[in-house]
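Peer 1: Here it is, the structure in full.
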Amino acid sequence: MRIVCIGGGPAGLYFAILMKKADPANRVTVYERNRAGDTFGWGVVFSDQTLENMRDGDEATQKRIIDNFAHWDDIEIHFKGNVVTSHGHGFCGMERRQLLSILQERARELGVELVFEREVADIGDFANADLIVAADGINSRIRAAYAEHFQPEIDWRRNKFVWLGTHRVFEAFTFVFVATEWGWFQAHAYRFNADTSTFIVETREDSWRAAGLDRADQAATLDFCRRLFAPWLEGKGLMAQPKPGGGSDWVTFARVSNKNWVRGPLVLMGDAAHSAHFSIGSGTKLALEDAIALARAIQRHDNLPGALAAYETERRVEVLRLQSAARNSTEWFENVARYARFPPRQFAYSLLTRSQRVSHENLRQRDKSYLERVERWLGARTTGKQAEHPVPPMFLPFRLKSMALENRIVVSPMAMYSAKDGVPNDFHLVHLGARALGGAGLVFTEMTCVLPEGRITPGCCGLWNETQEEAFARVVRFAHERTRAKIALQLGHSGPKGATRVGWEGYDRPLDPGEAWPIIAPSPVPWSAANQVPREATRQDMDAVRDAFAAAARRGARAGFDMLELHAAHGYLLSAFITPITNRRTDEYGGSLENRLRFPLEVFRAMRAAWPEEKPMSVRISATDWVDGGIAPTDAVEIARAFKAAGADLIDVSSGLTSTKARPIYGRMFQAPFSDRIRNEVGIATMAVGNIFEPDHVNSIIAGGRADLCALARPHLCDPQFALHAAVALGFDAPWPQQYLDGKKQLERLKGQEAADMAIVI
Ligand SMILES: Cc1cc2nc3c(=O)[nH]c(=O)nc-3n(C[C@H](O)[C@H](O)[C@H](O)COP(=O)(O)OP(=O)(O)OC[C@H]3O[C@@H](n4cnc5c(N)ncnc54)[C@H](O)[C@@H]3O)c2cc1C
Ligand SMILES: Cc1cc2nc3c(=O)[nH]c(=O)nc-3n(C[C@H](O)[C@H](O)[C@H](O)COP(=O)(O)O)c2cc1C
């Protein structure tokens, strides 16, 4: 094959090495615009795992890297005069210059042709190449030349950063946070050889401007940073890369992604294809792993288009995963002020788990004693007393007004489509009862509809009459008399998503015309082309709906529920008012967010007035529509603020289901960042929900201050005793129902046995 790599960074060079090694007959040329020794940047970091992957790629390169890197294990966080240290992080750093010279040397050895000082503007010169790899970095010219095809998306972030070096040797990966009159500044510092460390300084763009750094040249920047971080530099200076003309070194990070990666024989690789914020130290790793993946795909496929397609498919998944973690990490560093209110221990924990890739149990594996210190501290802070053994965060108690919960696990509201005429029956008693026995601190009813025509399906529960109230009172009595759980009522009105079939006949599929009832919505916008067109709600309709919510709240109070939730999410009536996608009104209930919130808030206030003062109330919201022009997380903060002002005690933070055009980005705990933002910007308790399916997820979210409660829906369909099982798995002595104690003992014995078996195997 005749292969051209444009760009002699880690991606281009490493791919050239792998292809030449795979077949010495391949003719591989790398074009680099700079001179051979001319490389920028200070250190780069790899995880131990990346090094393992490199062994499979080319062991000779891996060995040379291992011989030259600086390894460290500890992370140190300096915040408000405290230093929090956590061990076991297993990273290594090396000088970018050295990495590139190792790669260049190895490429030469294998017979790769390296052409320096050649800036490539287009691929026209390489018409005879079988494969052209655009590895020309984050500002790729080649990508720009074919932007129509690759469709790059470039997201310029909110922070400014500068990449510096210092001879102060940081033995740990060190984060330093400094509060200034302009805002927070932070340094990310790590050693990459015997006597030099990378020292990246970062701050919000507004702080950067306020500090006058937009006018600072290189010398002024160095002087500013040196003074700011003097206590950590131990008299050592800071160094910048030589810069012709001495201009500013501050840059804005761009998150790059591309719709397409392949165009005929041309393929994007490394930063040209995707970037990942430096705070998760993965840019170089991704570039090297891209190279390994493409080289392997070429070996596995007998045709190049197949190999390129396979490479794109494989890498897209991993890149998406990493970019999603990197997004969380980027946003964490953009919002230091949000977390700076945490006590230092929680601040540090939040930082360590910011990407949601490092979890509570990962931290335990890395450094058990650090994690136990966190658990003990959190326990003492929550309960006011020192427990004999550390308590997993998910099993810490929580109080909201008069409601005292035993733990942080919640059975999320789930429609069961099993009622007749809105009346809950034995199914609901057994279903909710089993979950209340299963150890969750709080169990939610399904969305219970306030009017017959406000039901989603004919199988939905309602609370507009006496019979329904009595049936619910029976469920509540069971929970209170026979279990330790508290029970919450979720009230809703289906609006434009009403008159559809029960879930297992297809979500949102409309009922046959003979069975369907007329539906209302803020505007006559149907959920989909197949659904009924709703009638625009008149003020009279709105009065009736508001009064029905208040009446149902009174019934709920009489039935004895501990908490009341207003369902204002997922595209149902109140959510349809809030989102501009379905609210097209021109009166005072449409237009601005303030107007769109007017009716939902009116309903909430009416419920609040009908519901006992001492009992808590929550609101479920969709924190984003996942649609351009729809509700965004910034709006969600305002929505939460408005409900807080109206008397909400907790925001239940869900997302989406408001438009068929939504393009959600799913992943583990994917909605927790929205909860984090609302909780810590608005200053209100939150409940996180959505793909939280392991005890580890719950512990990380609670300990990191991302939410006060975690709601799990589908996991509780699989396992009503999720919480009790989690307790045994974590070695926590949760109170089991006395009728089930033999089961608990057996489970604990089996767990002990498993541990003993493991010990034998090891
Ligand atoms: C200036 C700079 C400094 C960095 N420093 C660090 C660091 O200290 N630590 C860290 O963890 N990460 C650092 N990164 C990020 C990290 O190195 C990247 O994620 C990683 O290098 C990606 O590798 P790559 O080969 O895709 O791109 P790059 O490393 O950016 O390599 C691209 C190469 O292509 C060359 N090039 C660009 N355009 C053309 C053209 N038209 N014709 C010919 N050649 C071209 C460039 O000169 C460069 O050598 C840095 C990135 C840059 C751009
Ligand atoms: C069968 C089913 C029914 C649901 N019904 C409701 C509901 O009535 N009210 C509500 O707010 N959310 C409802 N949801 C959404 C869940 O409460 C939860 O937000 C969502 O399933 C994500 O959580 P999970 O990943 O733990 O399943 C339902 C989910 C499922 C799976």
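No value in this document is a laboratory result; all are computed from the given coordinates. Computed from a predicted model, the values in this text were never measured in an experiment. Cβ atoms come from the backbone with ideal geometry, glycine included; neighbour counts cover every protein chain shown.
Peer 1: Report the calculated FRET efficiency for S402 and R509 (r = Cβ-Cβ distance, R0 = 41 Å), to the nearest 0.05.
Peer 2: 0.50
Peer 1: When you count, for each residue, the other Cβ atoms within 10 Å and take the mean per peptide, how do 184-191, 465-472, 130-137, 490-497 rank with the highest first?
Peer 2: Per-residue Cβ counts within 10 Å, averaged per peptide and sorted highest first, yield 490-497, 130-137, 184-191, 465-472.
Peer 1: Still on this structure, I have one more. Taking R0 as 22 Å, what FRET efficiency do you get between D56 and S369 from their Cβ-Cβ distance, rounded to the nearest 0.05?
Peer 2: The calculated FRET efficiency here is 0.05.
Peer 1: What number, in nm² with one decimal, is the all-direction average of the projected area of the convex hull of the alpha-carbon atoms of region 570-702?
Peer 2: Its Cα hull, projected and averaged over all orientations, spans 8.4 nm².
Peer 1: Using a simple charge model, +1 on the beta-carbon of Lys and Arg, -1 on the beta-carbon of Asp and Glu, nothing else, what dipole does the chain show about its Cα centre, in debye to the nearest 20?
Peer 2: Value, rounded to 20: 940 debye.
Peer 1: Calculate the tail of P(r) for region 99-144: the fraction of all Cα-Cα distances greater than 16 Å, expressed in %.
Peer 2: Percentage above 16 Å: 53.
Peer 1: On to the next question. Would you mind checking which residues have amide H under 5 Å from R27's amide H? H placed 1.01 Å from N; only 5 or more apart, or other chain.
Peer 2: Under 5 Å from the amide H of R27: R2, I3.
Peer 1: Mind giving me the nanometre distance, one decimal, between the label points for E181 and E113, set 7 Å out from Cα along Cα→Cβ?
Peer 2: 6.1
Peer 1: Moving on. Which ³J(HN,Hα) values, rounded to whole Hz and listed in residue order, are derived for region 445-451 from phi using the Karplus coefficients 6.51, -1.76 and 1.60 in 6.51 cos²θ - 1.76 cosθ + 1.60 with θ = phi - 60°, glycine and proline given as x?
Peer 2: So the J values, rounded to whole Hz, are 6, 5, 4, 9, 8, 8, 8.
Peer 1: Another question, then. Hey, what did region 130-245 get for relative contact order, percent, Cα under 8 Å, at least 6 apart?
Peer 2: Rounded, it is 25 percent for region 130-245.
Peer 1: Which one of P452, V430, N407 has its Cα pushed farthest toward the positive end of the charge dipole of region 381-480, where Lys and Arg give +1 and Asp and Glu give -1 at the Cβ?
Peer 2: About the Cα centre, the residue reaching furthest to the positive side is N407.
Peer 1: Right, next: I want to check the label-to-label distance for E536 and A219. Put each point 7 Å from Cα in the C-beta direction and report it in nm to one decimal.
Peer 2: 6.7
Peer 1: Moving to a separate point now. Would you mind checking the tilt of helix 539-559 against the longest principal axis of the Cα atoms of the chain, expressed as 0 to 90 degrees and rounded to 10?
Peer 2: With both axes taken from Cα atoms, the answer is about 80 degrees.
Peer 1: Out of all DSSP beta bridges in the chain, what portion is antiparallel? Express it as a percent rounded to 5.
Peer 2: Of those bridges, close to 50 percent are antiparallel.
Peer 1: Using 5 Å bins from zero, what percent of all Cα-Cα pairs in region 31-125 falls into each bin?
Peer 2: Per 5 Å bin, starting at 0, the Cα pair percentages come out as 3, 11, 16, 18, 15, 13, 9, 6, 5, 3, 1, 0.
Peer 1: Stokes-Einstein diffusion coefficient for region 290-431 at 25 °C in a medium of 0.890 mPa s, Rh from the Kirkwood formula over Cα pairs: what value in µm²/s?
Peer 2: So the translational diffusion coefficient is about 122 µm²/s.
Peer 1: To continue, here is another question. From the helices alone, meaning DSSP H stretches of at least four residues, give me the mean residue ellipticity at 222 nm for the chain, per-run term -39500 (n - 2.57), in deg cm²/dmol to the nearest 500.
Peer 2: Rounded to the nearest 500, the figure is -12000 deg cm²/dmol.
Peer 1: Ranking request for peptides 425-436, 527-538: highest mean number of other beta-carbon atoms within 10 Å first, then the rest in descending order.
Peer 2: In decreasing order of mean packing, 425-436, 527-538 become 425-436, 527-538.
Peer 1: Further question on the same structure: Measure nothing fancy, just the Cα-based angle from helix 466-482's long axis to the longest principal axis of the chain, in degrees from 0 to 90, nearest 10.
Peer 2: 60
Peer 1: Rank by packing, highest mean first: peptides 548-555, 209-216, 100-107, with packing defined as the count of other Cβ atoms within 10 Å averaged across residues.
Peer 2: For the peptides 548-555, 209-216, 100-107, the packing ranking is 548-555, 100-107, 209-216.
Peer 1: Report the normalised scattering of region 225-278 as log10 I(q)/I(0) at q = 0.22 Å⁻¹, calculated by the Debye formula with identical scatterers on the alpha carbons.
Peer 2: The Cα Debye sum returns log10 ratios of -0.93.
Peer 1: Going by Cα centres, region 631-654 and region 278-314 are how many Å apart?
Peer 2: 42
Peer 1: Sequence gap at least 6, Cα distance under 8 Å: using those rules, report the relative contact order of the chain to the nearest whole percent.
Peer 2: 9
Peer 1: Further question: By DSSP, what percent of the beta bridges with both residues in region 72-227 are antiparallel, rounded to the nearest 5?
Peer 2: So the antiparallel bridges in region 72-227 amount to around 90 percent.
Peer 1: Determine the distance separating the Cα centre of region 384-405 from the Cα centre of region 201-230; give it in Å without decimals.
Peer 2: 43
Peer 1: Next up: Just how many % of Cα pairs in region 415-491 lie over 19 Å apart, if you round to the nearest whole percent?
Peer 2: 28
Peer 1: So what is the orientation-averaged projected area of region 518-614, using the convex hull of its C-alpha atoms, in nm²?
Peer 2: For region 518-614, the mean projected area of the Cα convex hull comes to 6.7 nm².
Peer 1: Work out Dmax and Rg for region 602-642 from the C-alpha atoms and quote the Rg first, both in angstrom.
Peer 2: Here Rg and the maximum Cα pair distance are 13.2, 40 Å.
Peer 1: Something else about it: PRE reach from R554 (point 7 Å along Cα→Cβ): which of region 423-446 fall under 15 Å by backbone N?
Peer 2: Under cut-off, by backbone N: nothing.
Peer 1: When D628, D73, D652 are ordered from fewest to most other Cβ atoms inside 10 Å of their Cβ, what list results?
Peer 2: D628, D73, D652
Peer 1: What are the equivalent ellipsoid semi-axes of region 108-203, built from the alpha-carbon gyration tensor (square roots of five times its eigenvalues), in whole angstrom, biggest first?
Peer 2: Equivalent ellipsoid semi-axes, largest first: 38, 22, 9 Å.
Peer 1: Rg/Rh for the chain to two decimals, with Rh computed the Kirkwood way over all alpha-carbon pairs.
Peer 2: Here Rg/Rh amounts to 1.01.
Peer 1: For the pairs K420/K486; K368/K401; K20/K63; K401/K745, flag any whose C-alpha to C-alpha distance is greater than 30 Å.
Peer 2: Pairs exceeding the cut-off: K368/K401; K401/K745.
Peer 1: Order of T198, T586, T180 from fewest to most other C-beta atoms within 10 Å?
Peer 2: T586, T180, T198
Peer 1: List the extent of the Cα atoms of region 408-544 along each of their three principal axes, largest first, rounded to whole Å.
Peer 2: Principal-axis extents of the Cα atoms in region 408-544, largest first: 46, 32, 28 Å.
Peer 1: Could you pull the Cα extents of region 663-713 along its three principal axes, largest to smallest, in whole Å?
Peer 2: 27, 25, 16
Peer 1: Please compute the contact order of region 518-562 in relative form: average sequence separation of alpha-carbon pairs under 8 Å and at least six residues apart, divided by the residue count, as a percent.
Peer 2: 28
Peer 1: Further question: How many nm is it between the label spots at S248 and D125, if each spot is 7 Å from the Cα in line with the beta carbon?
Peer 2: About 3.4 nm separates the two model spin labels.
Peer 1: OK, next. Among Y31, M1, I684, whose Cα projects farthest towards the positive end of the dipole of the chain, with charges put on the beta-carbon of Lys, Arg (+1) and Asp, Glu (-1)?
Peer 2: I684
Peer 1: Oh, and also: Could you tell me how many degrees, from 0 to 90 and to the nearest 10, lie between the Cα long axis of helix 368-383 and the main elongation axis, the longest principal axis, of the Cα atoms of the chain?
Peer 2: 30
Peer 1: Still on this structure, I have one more. If you bin every alpha carbon distance in region 261-335 into 5 Å steps from zero, what whole percent lands in each bin?
Peer 2: Result, from short to long distances: 3, 17, 25, 21, 14, 9, 6, 3, 1, 0 percent.
Peer 1: So, counting K/R as plus one and D/E as minus one, what does the shell of residues with Cβ under 14 Å around S402 add up to?
Peer 2: 0
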